[in-house]
């Protein structure tokens, strides 16, 4: 790693300090999410648009729902923060049934859209295959016809 | 010699660096008493700038005229340029390597490959070649082009300091630390690296922070979709995809920013770095392509870095006032250099053809 500031190479001090500060950064939830995102970042590796779409549809199928259990009410420090957290938890418990109903309906829409996308792609591929087959037959026919003349 | 000096560009839009460069050059030429217009394929002109250029079909290059072609991608303008009777000049803005777009947009990748294949022919048909950076000029020299001059993008720091849009100022106020990126949302910009670094910064260092991404998403919608999904899955509500911004909104973005960060892996020059500097924003960018040259020994640069390390560097650059002062001083010196760039000199060379 190299860092320059105002045209001067400051790697000797800054790299050491930044590496040490980075090593202290830790968050279990973020790490879990980042590990899950490796599939998404694979989109960067797609060599053809078709590969991209395949990967995207696979991702969409696996990620088409909102999970209310992932709701995280963060803890703060001190009495006020503790009271605030308790209040937020209480409010969350109260609105949870309504939230779950909305999430259920949203997830139903998401699932429908994901399947529509997937089926549409399958249909398109089938149609292309049929057309390619038809072109191939026509070309073969023309060749045979030409040969007979 | 008093013929026309016209320009051909592949596309013309508000906020686009090449369009702005062409517009500024046209202004300089017209002030020198020359007739000068910009010609663009009709289907590649932005709605807001329709009256500011002419359709490519109307271009008539005659003997005694000069035509300057801004080359960055394949375009019908290439055929028109090569067929022109005028004296031909190429302004080379670099071609983004097609590999960045593979998978995201196969047609665009093919267009970029075609542009690179056609580069030698375009250069062969030119009497003079202007590269916007020494980095670009080196690339052309490797192709065997001898008559290359480095003429940076026509940029005056004052151009980047227009009146900011009050609504955008209000939107990005509120005491949060704003990290800004400005540029097309395209795969070569590697915006995902910025989002990953911001995820660490926002989660572990400063929740009162925001990442603003200002730039058109239309050049590669599939890449944009990937970035939106990434930010959504990481729960980063403070990653703000601004999309295309007009001049006033862009100015407001710069005025609201505490740090300008760019993780791009391919740039021929990168005008937003200079715009950020003109607005007094410390710049952090990858030392790659034409960017070190644009910065001219100012700002902060890195080569490779893990997202967690970049987050720690964000924190350092946002809180260490001595370091920020050093960066801002260096940027002011660079802006002073740019102010003294004599833009009329390249114009004279063009008129002397």
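The values are calculated or read from the model by the stated rules, or taken from the named source; none is laboratory data. What you see is a predicted model, and the numbers here were worked out from it, not measured in a lab. Positions of Cβ are backbone-derived with ideal geometry, glycine not excepted, and every protein chain shown enters the neighbour counts.
Spot the failing condition for residue A:84; the list is (1) surrounded by 14 or more Cβ atoms within 10 Å (Cβ to Cβ); (2) more than 14 Å from chain B (Cβ to nearest Cβ); (3) touching a helix residue (DSSP H, G or I) at 6+ places or on another chain (Cβ under 8 Å), and only one is missed.
Condition not satisfied by residue A:84: (3).
Of B:124, B:144, B:83, B:118, which residue is in contact with a helix residue (DSSP H, G or I) (Cβ under 7 Å, 6 or more places away or on another chain), over 24 Å from residue B:294 (Cα atoms) and surrounded by fewer than 20 Cβ atoms within 10 Å (Cβ to Cβ)? Walk me through how you get there before you give the answer.
Values: B:124 fails: in contact with a helix residue (DSSP H, G or I) (Cβ under 7 Å, 6 or more places away or on another chain); B:144 fails: in contact with a helix residue (DSSP H, G or I) (Cβ under 7 Å, 6 or more places away or on another chain); B:83 fails: in contact with a helix residue (DSSP H, G or I) (Cβ under 7 Å, 6 or more places away or on another chain).
Every option except B:118 fails the conditions.
Out of (1) surrounded by fewer than 20 Cβ atoms within 10 Å (Cβ to Cβ); (2) at pLDDT below 95, what's the single condition that is false for residue B:152?
Of (1) surrounded by fewer than 20 Cβ atoms within 10 Å (Cβ to Cβ); (2) at pLDDT below 95, only one is false for residue B:152: (1).
Among the residues in the range A:66-73, are any assigned to a helix (DSSP H, G or I) and either away from chain B (no Cβ under 13 Å) or closer than 26 Å to residue B:106 by Cβ (or both)?
Yes, that holds for at least one residue.
Taking the residues in the range B:189-209 that are in contact (Cβ under 8 Å) with a residue 40 or more places away in the chain and over 28 Å from the mean Cα position of the chain (by Cα) as candidates, determine which candidate is nearest to the other protein chains (Cβ to nearest Cβ).
So, considering only residues that are in contact (Cβ under 8 Å) with a residue 40 or more places away in the chain and over 28 Å from the mean Cα position of the chain (by Cα), the one nearest to the other protein chains (Cβ to nearest Cβ) is B:204.
Would you confirm whether or not the range A:96-115 contains a residue that is in contact with a helix residue (DSSP H, G or I) (Cβ under 7 Å, 6 or more places away or on another chain) and not in a helix (DSSP H, G or I)?
The answer is no, given that none of the residues of the range A:96-115 is in contact with a helix residue (DSSP H, G or I) (Cβ under 7 Å, 6 or more places away or on another chain) and not in a helix (DSSP H, G or I).
Would you call residue B:79 outside the structural domain of residue B:214 (by TED's automatic domain parsing) and part of a loop (DSSP other than H, G, I, E, B)?
Criteria not met by residue B:79.
Out of the range B:1-49, which residues are assigned to a strand (DSSP E or B) and farther than 21 Å from residue B:64 by Cβ?
B:12, B:40, B:45
Please pick out the residue among B:252, B:261 that is in contact with a strand residue (DSSP E or B) (Cβ under 6 Å, 6 or more places away or on another chain) and in contact (Cβ under 8 Å) with a residue 40 or more places away in the chain. Break it down into steps so the answer makes sense when it comes.
Details: B:252 fails: in contact with a strand residue (DSSP E or B) (Cβ under 6 Å, 6 or more places away or on another chain).
The unique qualifying residue is B:261.
Of all residues in the range A:1-46 being outside any helix (DSSP H, G or I) and more than 24 Å from residue B:320 (Cβ to Cβ), which is nearest to the other protein chains (Cβ to nearest Cβ)?
Of everything passing the filter in the range A:1-46, A:46 is nearest to the other protein chains (Cβ to nearest Cβ).
Pick out, from the range B:210-303, the helices (runs of 4 or more DSSP H) lying fully within it that include 3 or more residues that are within 14 Å of chain A (Cβ to nearest Cβ), within 17 Å of the chain's Cα centre (by Cα) and surrounded by fewer than 20 Cβ atoms within 10 Å (Cβ to Cβ).
Here the list is empty.
Search the range B:163-191 for residues being in contact with a helix residue (DSSP H, G or I) (Cβ under 7 Å, 6 or more places away or on another chain) and exposed (fewer than 15 other Cβ atoms within 10 Å of the Cβ), and hand back the single one that is nearest to residue B:27 (Cα to Cα).
Filtering first and then ranking leaves B:163.
Consider residue A:82 carefully, then state whether it is under 26 Å from residue B:202 (Cα atoms) and in a helix (DSSP H, G or I).
yes
With over 23 Å from residue A:25 (Cα atoms) and either in a helix (DSSP H, G or I) or within 10 Å of another protein chain (Cβ to nearest Cβ) (or both) as the only criterion, which of B:335, B:313 stands out?
Answer to the check: B:335.
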